[in-house]
Amino acid sequence: MNLSIVMPAYNEAENLPGMLAALDDFIASADCEVEVIVVDDGSVDNSGRILSVEAQRRPWLKTITMPRNMGMGAALRRGTASATQPLVAWVMADRSDRLDDLCEMRRRLLAGADLVVGSRAAPGGGYGDFVGAKAWGSWLFSQFARRLLGLPISDSTNAFRAFRREVFAELHLLRDDFAISIEMVAQAAAHGRRIEQTPTIYAARRQGVTHFRIVRMGAIYLFLTLRAWISRLYRRDHGATGGP
């Protein structure tokens, strides 16, 4: 099955040339057809100009420009809605070193998984330069979500993942921010979808990571997890299936 790579880009002018060069190598060695959809999420640097020029050189590259900065979740949803291949992967613009992991993620999808998450907490994975309180907070929350929701993965906050396009269509995700990562996992579990993980070494975003943002995202993650847990209890007590 062929693959669509969706990549949000907000002020990524510094990272795009290296990522596109890495994608050249990845696509040249891939045993399937690959399209790349980069969503310019209202960048105010040279990201838009770089993408416009590079799209002329690379037939596999498609670009979408958001009217303003609407958030990573909104960009991922928009890019996924434009994907034409049956398998989709989310990749961040500053993590070209993780493209090799896509081969294993695609293999697991072909073997029957519906959603594959790159796990920094799985054996063989790691948090790279995502260290200190931020790494511990992400790990602790993921363990909390895993136990509360019965998730089969050890890292639910990482947005590096691959999935079947028809599975995404049934989830009706609404988050406009990075919390779309836990929203997606919680809904996929609620729909009884097969979720797997692969080890990855993934780093923190190099921009926009403040203590206030970390606390805010932690609160949102907690709210979404508790809401999914309550919904799960309701479905169990009322014999319902599916839902958020």
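Please determine, by comparing only the residues of the range 70-96 that are part of a helix (DSSP H, G or I), in contact (Cβ under 8 Å) with a residue 40 or more places away in the chain and out of contact with any helix residue (DSSP H, G or I) (no Cβ under 8 Å at 6 or more places or on another chain), which one is farthest from Asp24 (Cα to Cα).
Checked the range 70-96; the qualifying residue farthest from Asp24 (Cα to Cα) is Ala74.
Given the structure, is Trp90 of a type in the set (Phe, Trp, Tyr), surrounded by fewer than 22 Cβ atoms within 10 Å (Cβ to Cβ) and out of contact with any Asp or Glu (no Cβ under 9 Å at 6 or more places or on another chain)?
Considered against the rule, which asks whether it is of a type in the set (Phe, Trp, Tyr), surrounded by fewer than 22 Cβ atoms within 10 Å (Cβ to Cβ) and out of contact with any Asp or Glu (no Cβ under 9 Å at 6 or more places or on another chain), Trp90 comes out as no.
Given the conditions (1) in contact with a helix residue (DSSP H, G or I) (Cβ under 9 Å, 6 or more places away or on another chain); (2) charged (D, E, K, R); (3) surrounded by 15 or more Cβ atoms within 10 Å (Cβ to Cβ); (4) at pLDDT below 95, report the number of the one that Arg164 does not fulfil.
Single failed check for Arg164: (4).
Mind checking which residues of the range 26-54 are acidic (Asp, Glu), touching a residue at least 12 places away in the same chain (Cβ under 8 Å) and surrounded by fewer than 21 Cβ atoms within 10 Å (Cβ to Cβ)?
The answer is Glu33, Glu35, Asp45, Glu54.
Every residue, every condition in (1) modelled with pLDDT under 90; (2) touching a Pro at 6+ places or on another chain (Cβ under 8 Å); (3) surrounded by 15 or more Cβ atoms within 10 Å (Cβ to Cβ); (4) among the hydroxyl-bearing types (Ser, Thr, Tyr), yes or no:
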{"position": "Arg95", "(1), (2), (3), (4)": "yes, no, yes, no"}
{"position": "Gly125", "(1), (2), (3), (4)": "no, yes, yes, no"}
{"position": "Leu174", "(1), (2), (3), (4)": "no, no, no, no"}
{"position": "Asp177", "(1), (2), (3), (4)": "no, no, yes, no"}
{"position": "Ser181", "(1), (2), (3), (4)": "no, no, yes, yes"}
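Output yes when any residue across the range 165-173 is under 20 Å from Asp100 (Cα atoms) and basic (Lys, Arg), and no when none is.
no
The values are calculated or read from the model by the stated rules, or taken from the named source; none is laboratory data. Owing to the predicted nature of the structure, the values given are computational and were not obtained by experimental measurement. Because the Cβ atoms are built from the backbone with ideal geometry, glycine has one as well, and the counts that use them run over all protein chains shown.
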